[in-house]
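See structure below.
The values are calculated or read from the model by the stated rules, or taken from the named source; none is laboratory data. Keep in mind the model is a prediction, meaning the values are calculated, not measured. Cβ coordinates were reconstructed from backbone atoms using ideal geometry, including for glycine residues, and neighbour counts include every protein chain displayed.
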Amino acid sequence: MTTRLTSAQVDRAAGVLHGMACGDALGAPYEFGLPLGPDVLVAMKGGGSMGWKPGEWTDDTSMAIAIAEVTATGAEVTTVAARDRIAARWAEWAEKAKDVGIQTRTVLSAATRAARSRGETAPTGDDLTSAAAEHHAVTGRSGGNGSLMRTAPVALAYLHDPDALVLAAQEVSAMTHHDSEAGEACALWCLAIRHAVLHGTLDVRSGLAHLPEDRARIWTARLDKAEAGQPSDFEKNGWVVEALQGAFSAITITAEATGPAHFRLALEAAVRGGRDTDTVAAIAGSLIGGLYGASAVPAQWRRELRGWPGLRARDLIRLGVLTARGGESDSAAWPAAATMDYSRFLGSNALAQHPHDDHVWISGVDALDNLPDGVDAVVSLCRLGSAQVPALSVDPRDHVEVWLLDESEPGKNPNLDFVLTDAVAAVEALRAEGRTVLLHCVQAQSRTPAVAALYGARLTGRTPTDALGDILEALPKASPNSGFRAALKRLE
């Protein structure tokens with residue numbers, strides 16, 4: 001059973017893993033550092049103690065991906081088979097990973113030894129849970145933040161059932177972190193993500209009713225403290241409790257902003273808190289991404305995102321959406337399709353040079369099959385299948401996919417003004433790098449002319465409405481929908 005999702009809810013579901021990976025990659029270069037001042041620039045620059053590439057995610061996102069690969073099939077993560085698949089995938093990842101948390105590495109190593117003593121190559125879920133319990137019994141400590149950082153896919157898998165979500169979050173947490181507080185933190189955060197995706201509002205306290213009364217009182221006090229403090233106040237953010245508090249604090253102190261601005265500022269605030277920056281920012285990103293959606297993520301960050309096992313931003317969207325839909329694609333077979341079938345759409349072969357920049361082409365989707373001469377970058381304003389990405393001639397970093405629906409109803413594109421201006425920023429960035437850009441949607445009728453007009457306005461100093469007139473001469477069959485035209489007016 002799954003929850004039927006609106007287009008805005010699908011956007012928010014897609015934002016959960018996307019936001020987590022952005023926070024992770026943003027924080028990675030700053031890990032183990034002291035808190036940063038409010039004026040210090042935070043950038044997705046790579047580097048740090050592990051020599052991360054710009055936009056490369058760490059163990060936080062990698063371990064979540066191993067869960068999402070299972071949940072994206074519609075499998076219940078509490079089944080033996082699902083837990084075994086997750087355990088095997090974690091063990092495979094850890095063999096070559098740049099960085100694995102100390103506690104997680106200890107548990108994975110013990111579980112792998114147990115498996116090999118039976119003649120098996122990969123540990124089972126039970127091997128991990130047993131090893132985690134033994135580690136706790138020996139050390140008396142297993143409350144690190146390593147299960148909270150990866151918990152986001154569980155929230156998406158149980159949008160339809162909060163009670164089952166609590167049990168699943170605690171069980172998956174216990175595979176490496178036996179401490180019950182780690183399980184409680186995972187349950188609370190997953191319930192907050194669920195609430196954000198379904199309702200588009202922030203309510204971290206929504207999950208307290210699912211805890212025993214005495215535990216709910218303790219967590220209420222902790223959330224109150226986080227709300228009143230700064231991320232840097234939580235110095236022991238390697239501990240699951242203070243990691244959660246630091247993430248919630250980062251979201252709270254930046255809440256005067258809304259939408260995409262809040263998304264960006266919250267992640268930067270999480271990083272400025274210092275110490276375990278990638279993990280706190282990843283935790284914050286999973287919730288703030290679920291609050292505002294994939295459409296709130298700036299193209300500047302989306303272009304850079306990458307990591308184990310060879311995935312990029314579009315793959316995180318695929319895993320997130322399939323998980324939220326119980327493993328099912330929509331009626332057009334998105335996001336699992338290798339190719340989106342747009343053959344019934346007239347005008348998909350439209351193609352013209354931008355009237356204000358002869359190094360920008362504006363087109364329908366057919367141009368992807370035969371890129372104009374010199375094109376080495378693509379900005380896509382419609383959904384594509386994995387085989388439609390022009391990988392042979394365009395570097396993945398230079399293919400920017402924009403979350404934009406050809407709908408006039410405001411609720412269909414909740415971050416419309418940002419998305420339009422961000423798409424223009426992506427074209428500008430590619431052009432500044434010397435690229436020749438193809439800007440396209442399905443038919444070049446609504447989305448493409450709207451973005452092209454805004455780009456033209458920036459080049460010429462005219463209003464977007466005036467620039468649209470030139471675009472419509474180049475694309476005579478184009479007619480942006482009323483919602484896009486209203487946005488162009490607002491953006492004047």
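A few notes on this one:
- The criterion of at least 3 residues that are modelled with pLDDT under 95 is met by none of the helices (runs of 4 or more DSSP H) falling completely within region 417-492.
- The residue list LEU191, LEU165, LEU202, LEU156 contains one member that is at pLDDT 95 or above and surrounded by fewer than 22 Cβ atoms within 10 Å (Cβ to Cβ), which is LEU202.
- For region 386-407, the tally of residues that are in contact with a Ser or Thr (Cβ under 7 Å, 6 or more places away or on another chain) and surrounded by fewer than 17 Cβ atoms within 10 Å (Cβ to Cβ) stands at 1.
- Selection of region 174-188 for residues being among the small types (Gly, Ala, Ser) and either modelled with pLDDT under 95 or surrounded by 17 or more Cβ atoms within 10 Å (Cβ to Cβ) (or both) yields ALA174, ALA182, GLY183, ALA185, ALA187.
- Failed condition for PRO476, given (1) free of Cβ contacts under 8 Å to residues at least 24 places away in the same chain; (2) crowded, with 17+ Cβ neighbours inside 10 Å: (2)
- Residue in region 350-367 that is farthest from ARG458 (Cα to Cα), counting only those that are touching a Ser or Thr at 6+ places or on another chain (Cβ under 8 Å) and surrounded by fewer than 21 Cβ atoms within 10 Å (Cβ to Cβ): ASP366
- The one condition in (1) closer than 27 Å to LYS236 by Cβ; (2) in contact with a helix residue (DSSP H, G or I) (Cβ under 7 Å, 6 or more places away or on another chain); (3) surrounded by fewer than 24 Cβ atoms within 10 Å (Cβ to Cβ); (4) not charged (D, E, K, R) that LEU5 fails to fulfil: (1)
- Tally, over region 417-439, of residues that are surrounded by 17 or more Cβ atoms within 10 Å (Cβ to Cβ) and either in the same structural domain as ALA261 (by TED's automatic domain parsing) or in contact with a Phe, Trp or Tyr (Cβ under 8 Å, 6 or more places away or on another chain) (or both): 8
- Residues of region 53-101 that are closer than 14 Å to LEU311 by Cβ, among the small types (Gly, Ala, Ser) and part of a helix (DSSP H, G or I): SER62, ALA64, ALA66, ALA68.
- Note on region 204-257: residues that are small (Gly, Ala, Ser) and outside any helix (DSSP H, G or I) total 4.
- Flag for THR201 being under 18 Å from the mean Cα position of the chain (by Cα) and either assigned by TED's automatic domain parsing to the domain that holds VAL16 or assigned to a helix (DSSP H, G or I) (or both): yes
- If only residues of region 14-64 that are touching a Lys or Arg at 6+ places or on another chain (Cβ under 9 Å) and of a type in the set (Val, Ile, Thr) are counted, the one that is surrounded by the most Cβ atoms within 10 Å (Cβ to Cβ) is THR61.
- Residues in region 122-174 that are free of Cβ contacts under 8 Å to residues at least 40 places away in the same chain, part of a loop (DSSP other than H, G, I, E, B), farther than 21 Å from THR279 by Cβ and not aromatic (Phe, Trp, Tyr): ALA122, PRO123, GLY140.
- The condition of being surrounded by fewer than 22 Cβ atoms within 10 Å (Cβ to Cβ), assigned to a loop (DSSP other than H, G, I, E, B) and within 20 Å of the chain's Cα centre (by Cα) does not hold for GLY119.
- Candidate set from region 298-338 (those that are within 24 Å of ASP99 (Cβ to Cβ) and among the aliphatic types (A, V, I, L, M)); member that is surrounded by the fewest Cβ atoms within 10 Å (Cβ to Cβ): LEU311
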